[in-house]
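Only the coordinates and a few stated rules stand behind these numbers; no lab work does. Keep in mind that this is a model prediction, so the values were computed, not measured. Cβ sites come from the backbone with ideal geometry, for glycine too, and all protein chains shown count toward neighbours.
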């Protein structure tokens, strides 16, 4: 959240609404990007005779921060492919860039995935990226890094809409094998198209719902009536520590009562036996 505050203070802008996501492994982030795309991107996609491979690791994983041997493995693998490759790359240029590769710091991801010549999406397995690719029926090569990405990658492999690969296993040969498997085996595209049809089967359009809710929150001044009551709780109440303490106290009291009663019963029977022995003597 600190980044958002610093941005707003520095730019001195005002907004009707700010939307950002909360992830368990990092602080709040509100990222505002200056959008734009390379002027020859459309020509690059349209002119791909053998199709296009789109490669993006999202906003939380930087491609240029990968180990150099892994970057080199990607480059050498891409160099041997007939497809064109579009790579979201955070630097202005890339050394030893193959002729069939285009890099850019920012790309209109959904528009790219919607292009009919995109044959494969190499991704880290972020949920939003997966949703966009599923909507446009683009098969996957998932290289998970964090959070729920390993789980998503496993589901992709299980559904046979793509393959999973660990970063430690990335070499030129393993990349070529995985890419060719997904691109050349029609079952991956067929399965993706089938699930895409299921994914698209909604009674209302997602964009319309998103616009409606944005206008709703703005119109109702932040919609305080939808505000979670959990925000007004103390931390120990939010974690249910008071409930846990009560349950433990009841359990301890129950055990004490059982122990006390058991001791009294045992003591009673022992006393009775001793009295009977004394009477016999």
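Structure notes:
- The ranking of 262, 174 from fewest to most other beta carbons within 10 Å of each one's beta carbon is 262, 174.
- Pair-distance distribution P(r) for region 237-280, from all Cα-Cα distances in 5 Å bins starting at 0: 5, 20, 12, 13, 10, 9, 8, 6, 6, 4, 3, 2, 1, 0 percent.
- Look at the alpha carbon pairs under 8 Å that are at least 6 residues apart: their mean separation over the length of region 44-211 gives a relative contact order of 21 percent.
- Multiplying the residue separation of residue 148 and residue 239 by 0.36 nm and subtracting their alpha-carbon distance yields 30.5 nm.
- Taking the convex hull of Cα positions in region 133-242, its mean projected area over all directions (nm²): 11.5 nm²
- Anisotropy class of region 192-248 from Cα gyration tensor, a/c 1.5 cut: oblate
- Separation of region 127-153 and region 242-275, taken as the distance between their Cα centroids, equals 56 angstrom.
- Per-residue Cβ neighbour counts within 10 Å put 89, 213 in the sequence 213, 89, beginning with the fewest.
- Packing-based exposure ordering (other Cβ within 10 Å, fewest first) of 121, 256: 256, 121
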